[in-house]
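Data block below; observations after.
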Amino acid sequence: MKITKEAVENVAKLARLSLSEEVVERFTHELGDILTYVDKLSELDTENVKPTQHVLDIKNVFREDETSESYDREKILSNAPVSENGCFIVPKVVE
Amino acid sequence: MDLNKLTLHEIKNLISKKEVKVDEVVAACYGRIENIDDKIGSFLTLNKEDALRSAFDIQKKLDNGEKLGSLAGIPAGIKDNMCTEGLKTTCASKMLENFIPPYDATVVKKLKSQDAIIMGKMNMDEFAMGGSTENSYFKKTRNPWDLERVPGGSSGGSAASVAADEVIFSLGSDTGGSIRQPASFCGVVGLKPTYGAVSRYGLVAFASSLDQIGPLTKDVEDCAIVLNAITGYDKMDSTSANVKYPDYTASLVNDVKGLKIGIPKEFIGEGLNEDVKSAVLAAAKKLESLGAIIEEFSMPMNEYAIPAYYMIACAEASSNLARFDGIKYGYRASNYTDLLDLYKQSRSEGFGDEVKRRIMLGTYALSAGYYDAYYNKALKVRTLIMNEFDNAFAKYDCILGPTAPTTAYKLGEKSENPLEMYLGDIYTVCVNIAGLPGLVVPCGFDSKDLPIGMQLIGKAFGEGTLLRVGYTFEQNSDFSKRKPSI
């Protein structure tokens, strides 16, 4: 399937990406080509076929609700781009 | 004697007989890295100080007569998408350029518990997305057999480092062929284990229903030894299979008499390079002469494997990579207006083109109105592909075919066209879709003297059969022994 420039811009918004005009243009072509190729799947009749999410015969995996050691706060925060007083810092979200 | 040129089992033997010391082996590998890695570019990060300390500690234990692990003193390379405590893990992305994991991935922990030496972190395509290692944010890796050519990908650094004798073995990850194709391009042995056989705890996720970690080694015996060390149930990975794992070295028998091996017609048809085809068919003949029963059969569903794979892999990737938001870890843009803009700017500046392309494709396939037509359709086709494998394994002990349609190509040759790059995965993605094991063993050279690897595909948890066939082939040929003249 061909994809429109508007669709690409909308998907970028959903994916939290900001793309330049030039990249939108290029992705419109490239994604269109890929999706046209993927349309090949419609040749197959899958009306009565069940989808497979993953191959193992495992459903819910539960564990006992036990407390165990977690990571040190300082160690976790050491990878944060900005942190202060033991917290991750984000821009103000509540007016 | 150049210790770095030996196999894992040879070094293991020498160390246990006290004919060589661990620090000599480690020094030989670092010496090699210093000599040639500016040409090859396998490594993103070296772990030299820590590795030398480990070597010293292990040698001391050895001298004291303490019991050591199965990989005692063996230098290993780790693909840079597996977390190593205190050692940078970048996924070859600007997004994780400064990320220092607070913990070891289960596989890394397992290697360390067997006394392996972690030499450093290996280059790859960014977030394991690509087939040439050209998508690394940091540098290109070159094929040791011809420096003008790619090592394959995405585990390109892992494969090149083993081929160039910089490490004795390495770990890679394989979502659609990322261990097997570089193994083929670099002339080494590579195994993608059964889905669930090796824990992914601490592996930066690309496509969770497809990703597997596996070894890249100099021969099949080494592959079995490393596999023994990394398989096993792990409660930290909810997709880990709680089954009994055998001793894989018990499968190293030089005998294929009576084994039934199927070759899918579709794997040796149109689009396959002639040199690769003749090498793979010659390997089949060789196995036949050793007593295997070889038959051709048809797998018509394989032509749908690539489109199904790219829908599933990209959908899962778009979801997995949503975690990179510029807040908890990873790159944060310096200019933004509000929280939403912080996400957008950080992700747009932190991810490379191929990663963005796949996030876009996956987001599209999962979005309202397209979910059924693309994602769900692909999951149904996945069922059909699995059924086809089930039928094949009712008749055959394993499947034999090529790994990639060509040998290693030149840098820049395919990087312009994403779809063309995706088509290179034609013989490998079906194996991930069905969660099966796939073993690549060197089986020849093309007219330019570039290595060719054959691919053996087995039943789920049938690694033993693959190792047996691979081992028998290797004992009766010498392709694994040839080395690049770098």
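The values are calculated or read from the model by the stated rules, or taken from the named source; none is laboratory data. Source: prediction; values computed, not measured. Neighbour counts are summed over all protein chains in view; Cβ atoms, including those assigned to glycine, are modelled from backbone coordinates with ideal geometry.
Below, the figures for the structure above:
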{"item": "Residue among A:N79, A:N60 that alone is among the polar types (S, T, N, Q) and surrounded by 12 or more Cβ atoms within 10 Å (Cβ to Cβ)", "result": "A:N79"}
{"item": "Candidate set from the range B:212-254 (those that are more than 11 Å from chain A (Cβ to nearest Cβ) and among the acidic types (D, E)); member that is surrounded by the most Cβ atoms within 10 Å (Cβ to Cβ)", "result": "B:D222"}
{"item": "Residue identified as over 25 Å from B:R332 (Cα atoms), without any contact (Cβ under 8 Å) to a residue 24 or more places away in the chain and either of a type in the set (A, V, I, L, M, F, W, C) or exposed (fewer than 10 other Cβ atoms within 10 Å of the Cβ) (or both) among A:V49, A:V23", "result": "A:V49"}
{"item": "Count - residues of the range B:266-277 that are loosely packed, with under 14 Cβ neighbours inside 10 Å and either among the aliphatic types (A, V, I, L, M) or in contact (Cβ under 8 Å) with a residue 24 or more places away in the chain (or both)", "result": "1"}
{"item": "Qualifying residue in the range B:473-485 (condition: more than 22 Å from B:P193 (Cα to Cα), in contact with a Gly (Cβ under 8 Å, 6 or more places away or on another chain) and assigned to a loop (DSSP other than H, G, I, E, B))", "result": "yes"}
{"item": "Restricting the range B:356-377 to residues that are among the charged types (D, E, K, R) and free of Cβ contacts under 8 Å to residues at least 60 places away in the same chain, the residue that is farthest from the other protein chains (Cβ to nearest Cβ)", "result": "B:D372"}
{"item": "Helices (runs of 4 or more DSSP H) wholly inside the range B:86-193 containing at least 3 residues that are farther than 21 Å from B:T406 by Cβ", "result": "B:106-113"}
{"item": "Pairs where the first residue, in the range B:236-247, is part of a loop (DSSP other than H, G, I, E, B) and the second is aromatic (F, W, Y) and surrounded by fewer than 17 Cβ atoms within 10 Å (Cβ to Cβ), C-beta under 6 Å, 6+ apart", "result": "B:S240/B:Y233; B:N242/B:Y233"}
{"item": "Members of the range A:1-28 that are within 19 Å of B:M311 (Cβ to Cβ) and among the small types (G, A, S)", "result": "A:A7, A:A12, A:A15"}
{"item": "Matching residues in the range B:220-235 - criterion: being in a loop (DSSP other than H, G, I, E, B) and closer than 17 Å to B:P437 by Cα", "result": "B:G232, B:Y233"}
{"item": "Only one of A:R63, A:R16 that is within 23 Å of the chain's Cα centre (by Cα), facing chain B (nearest Cβ under 10 Å) and charged (D, E, K, R)", "result": "A:R16"}
{"item": "Residues that are in contact with a Cys (Cβ under 9 Å, 6 or more places away or on another chain) and in contact (Cβ under 8 Å) with a residue 60 or more places away in the chain, drawn from the range B:80-123", "result": "B:D80, B:N81, B:T89, B:F99, B:P101, B:Y103, B:D104, B:A105, B:V108, B:I117, B:M119"}
{"item": "In the range B:14-23, the residues that are touching a residue at least 12 places away in the same chain (Cβ under 8 Å) and buried (at least 17 other Cβ atoms within 10 Å of the Cβ)", "result": "B:I15, B:V20, B:K21, B:V22, B:D23"}
{"item": "Checklist (1) among the β-branched types (V, I, T); (2) surrounded by fewer than 10 Cβ atoms within 10 Å (Cβ to Cβ); (3) modelled with pLDDT of 90 or more applied to A:V93, failing item", "result": "(3)"}
{"item": "The one condition in (1) in a loop (DSSP other than H, G, I, E, B); (2) under 22 Å from the mean Cα position of the chain (by Cα); (3) of a type outside the set (K, R); (4) under 23 Å from B:P182 (Cα atoms) that B:G271 fails to fulfil", "result": "(2)"}
{"item": "Given (1) part of a loop (DSSP other than H, G, I, E, B); (2) touching a strand residue (DSSP E or B) at 6+ places or on another chain (Cβ under 8 Å); (3) closer than 25 Å to B:I230 by Cα, number of the condition B:S54 does not satisfy", "result": "(1)"}
{"item": "Residue count, the range B:406-430 (criterion: within 11 Å of chain A (Cβ to nearest Cβ) and either assigned to a loop (DSSP other than H, G, I, E, B) or modelled with pLDDT of 95 or more (or both))", "result": "2"}
{"item": "Only one of B:G291, B:G258 that is more than 14 Å from chain A (Cβ to nearest Cβ), assigned to a loop (DSSP other than H, G, I, E, B) and within 19 Å of B:A392 (Cβ to Cβ)", "result": "B:G258"}
{"item": "Test result for A:V24, more than 8 Å from chain B (Cβ to nearest Cβ) and within 26 Å of the chain's Cα centre (by Cα)", "result": "yes"}
{"item": "Criterion (aliphatic (A, V, I, L, M) and touching a Pro at 6+ places or on another chain (Cβ under 6 Å)) met by exactly one of B:I486, B:I457, B:I433, B:I399", "result": "B:I486"}
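Results for (1) over 30 Å from A:L35 (Cα atoms); (2) surrounded by fewer than 24 Cβ atoms within 10 Å (Cβ to Cβ); (3) not small (G, A, S), shown as yes or no for each residue.
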position	(1), (2), (3)
B:G412	no, yes, no
B:C430	no, no, yes
B:G470	yes, no, no
B:S480	yes, no, no
